[in-house]
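The values are calculated or read from the model by the stated rules, or taken from the named source; none is laboratory data. Computed from a predicted structure; not experimentally measured. Please note: Cβ atoms are built from the backbone with ideal geometry, for glycine as well, and neighbour counts cover all protein chains shown. SASA here: full protein model, heavy atoms, side chains in, ligands and nucleic acids out. Shrake-Rupley method; radii C 1.70, N 1.55, O 1.52, S 1.80 Å.
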Amino acid sequence: WGAFLLQSGPHLVGIVQHLVQHLSCPVTVKVRILDNTDNPYQDSLELYTQLVDAGAAMLTIHGRTKSQKKTETGSADWKFIQ
C-alpha cells in the first residue's frame, strides 16, 4: 500500500487511530508530500496534523511525492521539510 494510502487521508488516519488504540508501542508514520491536490503543501500539512492528532508518535517526511520514484526521483523538497 505504501504511498497509495496518502490518496485516502481519512482511511490512513483511521488506520493510525486503530493501531494506536490496540498496540502498546509508539506508532510512527512515514509520509510523502501529496501530489494529487491543487495545494499540495497545505493539504500535506493538514494530513500530517490529522495523523498526529490520531496518535502518531512521530512523522518522518520523505520530502518527495508518490510520483517521484525510480528514474523520476528528482531532489527532495528540503524547503517543505523545514
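Quick notes on this structure:
- Cα-based helix-to-principal-axis angle, 9-22 vs the chain, degrees rounded to 10: 40 degrees
- ARG32 long-range amide H proximity, modeled H, under 5 Å: HIS62
- Per-residue Karplus couplings for segment 75-82, computed as 6.51 cos²θ - 1.76 cosθ + 1.60 with θ equal to phi - 60°, are listed in order as 7, 5, 8, 5, 4, 5, 4, 5 Hz, Gly and Pro entered as x.
- Remark: spin-label model distance ILE81-ALA57 equals 2.3 nm, labels positioned 7 Å along the Cα→Cβ axis.
- Whole-number accessible area per residue in Å² for the chain, which is evaluated in the context of all protein chains at 1.4 Å: 69 Å²
- Options (i) 115; (ii) 95; (iii) 79 - which one matches volume of the Cα convex hull per residue in Å³ as calculated here: (ii)
- Acute angle (nearest 10 degrees) that the helix 40-53 long axis makes with the longest principal axis of the chain, alpha-carbon atoms: 20 degrees
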